[in-house]
1. Tell me, what is a quarter of the convex hull surface for the C-alpha atoms of the stretch 24-77, in nm² with one decimal?
2. Counting other C-beta atoms within 10 Å, and keeping those with at most 16, which DSSP coil trypsin sites (Lys or Arg not before Pro) do you find in the stretch 9-55?
3. Calculated FRET efficiency, Arg72 and Leu6, Cβ-Cβ r, R0 25 Å, to nearest 0.05?
4. In nanometres, what is the gap between the two model label sites at Val34 and Val52, each 7 Å from Cα along Cα-to-Cβ?
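The numbers here are math on the coordinates, done by the rules we state, and not lab data. Just so it is clear, the model here is predicted, and its values are computed rather than measured. Positions of Cβ are backbone-derived with ideal geometry, glycine not excepted, and every protein chain shown enters the neighbour counts.
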Amino acid sequence: MLPVALVGLAHLVVIRSLRLGRRKAYRQAIFISVIVLLGTGLTLLQPFPWWVRAVNVAKALVVVALLFLASRPRSAVGSAATSQPDILDRLG
C-alpha cells in the first residue's frame, strides 16, 4: 500500500510542475512513461488473468497518449503561457 501511495504522491508533484510549465517536469513525465511502458510490457508476458491484461493494455494506451502529448514542442513551451485558470484552479 505504501509504494502505491508514494507513486501517487510523485505523480501529483509532476502534474503540478507540468501545470506550471516547468521543463524538468516534461522530462520527468517522459521518463516515467517509458519506465511504465517497459514494466507493462513485461507484465503482458506473464501468465495473468485476462482482466489484468486488459487493465495493462488500457494503462499502456494512456501512457502512450501521455508520451505523445508531453513530447510535442507546443506542450513544453506553451503551457505556462496560458492565463485562463481552469476548473481545478477555481476549486482549490
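1. Result: a mean projected hull area of 3.5 nm².
2. Passing both the DSSP loop test and the Cβ count: Arg22.
3. Numbers: r = 29 Å, r/R0 = 1.15.
Working from the Cβ atoms, E equals 0.30.
4. Rounded to a tenth, the inter-label distance reads 2.8 nm.
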